[in-house]
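Note sheet for the following structure.
The values are calculated or read from the model by the stated rules, or taken from the named source; none is laboratory data. The structure presented is a predicted model; accordingly, all values stated were derived computationally and were not measured. So basically every Cβ, Gly included, is an ideal-geometry build from the backbone, and we count neighbours across all protein chains shown.
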Amino acid sequence: MKGKTGHTTHEAYIAAVEEKRRADIQRLHELVRETAPELEPTMDFGMLGYGRHAYTYASGRSGEWMKIGIANNKQYISMYCCAADDRGYIAEQFKERLPKASIGKSCVRFKRLSDLDESALRDLIRACSEAGWGM
């Protein structure tokens, strides 16, 4: 199983994750649900999603995307944090607090959940849920 799948529920997605990563995906799911219960679970994008946000680009193109997403990829676990504030992308603001993760504008990638500080992850989830969509 890699990233996006055809599963229709969070439970089915998590159950399909290989055993060595299942507990990490399950715990990350629990952290999002505990920390940001206001973000409704979704499976519209073939991965674990939480919260929806409607967007419209300057070009007029519009759609919906998740606020937070979790995907089990071949080499790592990805947590997408689709939010920004006046200081920039929320995920990038956590580079120092999550040094064992590879962090891009909106994606936090890591091999094992145990490599990350759970308190920092909770703060990241909270900040993402509270922030707006773009800059």
Flag for Leu98 being crowded, with 21+ Cβ neighbours inside 10 Å and at pLDDT 95 or above | no
Are there any pairs, at least 6 apart or on different chains, whose C-beta atoms fall under 7 Å, with the first in the stretch 45-57 and within 13 Å of Gly6 (Cβ to Cβ) and modelled with pLDDT of 80 or more and the second surrounded by 20 or more Cβ atoms within 10 Å (Cβ to Cβ) and not charged (D, E, K, R), and if so, which?
-> Phe45/Met66; Phe45/Gly69; Met47/Gly69; Met47/Ile70; Met47/Ala71
For Val32, all conditions in the list (1) surrounded by 12 or more Cβ atoms within 10 Å (Cβ to Cβ); (2) over 16 Å from Tyr13 (Cβ atoms) hold save one; what is the number of the exception?
-> (2)
Pairs under 8 Å by beta carbon, first residue within 17 Å of His7 (Cα to Cα) in the stretch 63-78, partner modelled with pLDDT under 90 and part of a strand (DSSP E or B), six or more apart or different chains?
-> Met66/Arg52; Met66/His53
Report yes if some residue within the stretch 40-52 is surrounded by fewer than 15 Cβ atoms within 10 Å (Cβ to Cβ), of a type outside the set (Phe, Trp, Tyr) and more than 26 Å from Leu116 (Cβ to Cβ); otherwise report no.
-> yes
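Just a yes or no: is a residue in the stretch 87-108 touching a residue at least 40 places away in the same chain (Cβ under 8 Å) and either under 29 Å from Ala15 (Cβ atoms) or of a type in the set (Asp, Glu) (or both)? Lay out the reasoning, then the answer.
Pass one, the stretch 87-108, residues touching a residue at least 40 places away in the same chain (Cβ under 8 Å): 88-90.
Narrowing the set further to residues that are either under 29 Å from Ala15 (Cβ atoms) or of a type in the set (Asp, Glu) (or both) leaves none.
No - not one qualifying residue is present in the stretch 87-108.
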Long-range neighbours under 9 Å by Cβ, at least six apart or interchain, first residue within 13 Å of Gly49 (Cα to Cα) within the stretch 26-37, second of a type in the set (S, T, N, Q) and part of a helix (DSSP H, G or I) | Val32/Ser129; Ala36/Ser129
Which of (1) more than 18 Å from Trp133 (Cα to Cα); (2) crowded, with 16+ Cβ neighbours inside 10 Å; (3) of a type in the set (Lys, Arg) does Lys67 not meet, given it meets every other one?
-> (1)
Residues in the stretch 40-89 that are of a type in the set (S, T, N, Q) and farther than 17 Å from Phe110 by Cβ: how many?
-> 4
Would you check if Arg87 is within 16 Å of Gly132 (Cβ to Cβ), at pLDDT below 95, exposed (fewer than 15 other Cβ atoms within 10 Å of the Cβ) and in contact with a helix residue (DSSP H, G or I) (Cβ under 9 Å, 6 or more places away or on another chain)?
-> yes
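Looking at His7, is it farther than 20 Å from Ile125 by Cα and crowded, with 16+ Cβ neighbours inside 10 Å?
On the way: farther than 20 Å from Ile125 by Cα: yes; crowded, with 16+ Cβ neighbours inside 10 Å: yes.
When the stated conditions are applied, His7 passes them.
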